[in-house]
Amino acid sequence: MIILDDAFLEDQARARCGTIWLVAMFGLGALAFLLDWFDSTTELAPAHHGIATLGRVAATLACLTAAVIGFRVRRPRRVADRLFRASWYALLGFLAVYFALTEIATIVVGWRDFPATGSRSSQRLIAIADASHYTVSKGSQRWMVTTRSFGATLDITREDYGFMLAHRRAGDDASEPDAIASDGHFCARVTVEQAGSALRVIHAGSYTLPQGTIVLCPAGEVSL
């Protein structure tokens, strides 16, 4: 007969708790990735700062909870091992909860701000404040612009970024290939959906805007 002492049973319970937490966090991470894949809009207005703050608070609470679970899940001999495990549990908890809540909030807010009836779409010109290029990892690259109004970030194609490099405004530093100061010199011709005061760019979000989106701003035609 095997007699299980209380310490052994307690360790087993902690291990199960840790396993459940990890499965839940990886599940949230997978959900965030899936929802991000379907995200094809970038909302310009309203800003929804309160929702973003709520997401950070919830992610911070998840981070602290994960750190406690990581520290107590097992009893290794060295405290340093427990601290290391608590650290990566905390990081995983924060990222999984934050990104999952962000993607869920994006969908819910989109449904609320842009009802099926009462929304209209049109082609608009948005003035660009600046553009940048950077390498993500192992050769993967992104080319992005920031709008002058609303401060929204949109992904563009390599060809459109090349167009901006070739037509930089006078006074922009042409020796810097990874940053372009547009300040309204360039515009993005995009499809904007509007419902009341709410605005969003469609065919954007996690996706790259179509090639040919970037143009020189025509005088008097910029609408946003």
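A few comments on the model shown:
- Cα-projected label distance for Asp173 with Val136, points at 7 Å along beta-carbon direction, nm: 2.7
- Exposure of Val136 as accessible area (Å², to 10), given a probe of 1.4 Å and all protein chains: 80
- Taken along its three principal axes, the alpha carbon spread of the chain comes to 87, 48, 25 Å, from the longest extent down to the shortest.
- Hz values of 3J(HN,Hα) by residue in the range 140-148 - Karplus curve (6.51, -1.76, 1.60), Gly and Pro given as x: 6, 10, 10, 10, 9, 10, 10, 6, 5
- Heavy-atom accessible surface of the range 65-114: percent carbon and sulfur, 1.4 Å: 68
- Among complete DSSP H helices in the chain, those whose alpha-carbon atoms stretch at least 15 Å along the helix's long axis and whose mean Kyte-Doolittle hydropathy reaches -0.5 are 6-37, 49-72, 79-113.
- Principal axis dimensions, the range 116-224 - Cα atoms, whole angstrom, descending: 48, 37, 21
- Normalised per residue, the accessible area of the chain is 59 Å², obtained with a 1.4 Å probe and no contribution from ligands, DNA or RNA.
- Cysteines in the chain that, by Cβ-Cβ distance, have no pairing candidate under 4.7 Å: Cys17, Cys63
- Each Lys or Arg adds one and each Asp or Glu takes one away; over the other residues whose Cβ falls under 13 Å from the Cβ of Gln211, this sums to -1.
- For the pair the range 51-91 and the range 144-167, the centres of their Cα atoms are 38 angstrom apart.
The values are calculated or read from the model by the stated rules, or taken from the named source; none is laboratory data. The shown structure was predicted, so the numbers you read here are calculated from the model rather than taken from an experiment. Because the Cβ atoms are built from the backbone with ideal geometry, glycine has one as well, and the counts that use them run over all protein chains shown. All accessible areas refer to the heavy atoms of the entire protein, side chains included, with ligands and DNA or RNA removed. Shrake-Rupley method; radii C 1.70, N 1.55, O 1.52, S 1.80 Å.
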